[in-house]
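One structure is given below, encoded as structure tokens.
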Amino acid sequence: MIDKELDCEEVSKEDLHKLDALKKAIKKQEAREFMPITDNPISLRDQFAKSAMQGILSNEAMIAVVIEESAVWVSREAYIMADAMLAARGK
């Protein structure tokens with residue numbers, strides 16, 4: 001990938017060290033992005049609410065401008081949907 005592009009040019013040791021540091025930083029960032037939440041695991045209800053909230057917010061017609069009242073509304077509606085999903089699981 002990057003290494004193959006570099007073998008066409010002469011590269012200094014300093015540049016190689018910078019490249020290695022960059023690769024390590026990228027791997028560290030990727031690991032952080034996909035790290036599961038372990039300190040405070042979220043409940044299934046929270047996961048359902050999160051998904052419902054994402055769905056609500058993905059529709060521009062639902063909320064044109066986010067103000068405190070609309071944020072409260074979205075949060076409340078997301079948990080109403082989550083509770084309905086949990087109830088449906090029990091049937």
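The values are calculated or read from the model by the stated rules, or taken from the named source; none is laboratory data. Predicted, not measured: the structure shown is a model, and the values here were computed from it. FYI the Cβ positions are ideal-geometry reconstructions off the backbone, even for glycines, and counts take in every protein chain you see. Note: accessible area is taken over every heavy atom of the protein model, side chains too, but ligands, DNA and RNA are not part of it. Shrake-Rupley method; radii C 1.70, N 1.55, O 1.52, S 1.80 Å.
Determine the pairs where a residue that is over 17 Å from residue 48 (Cβ atoms) and open to solvent by 100 Å² or more (accessible area, probe 1.4 Å), located within segment 65-80, has a partner that is of a type in the set (Lys, Arg) and at pLDDT 85 or above with Cβ atoms under 6 Å apart, the partner being 6 or more residues away or on another chain. Listed pairs, sorted by first residue: none to list. Checking each residue in segment 54-70 for being outside any loop (DSSP other than H, G, I, E, B) and within 19 Å of the chain's Cα centre (by Cα) picks out 54, 55, 56, 57.
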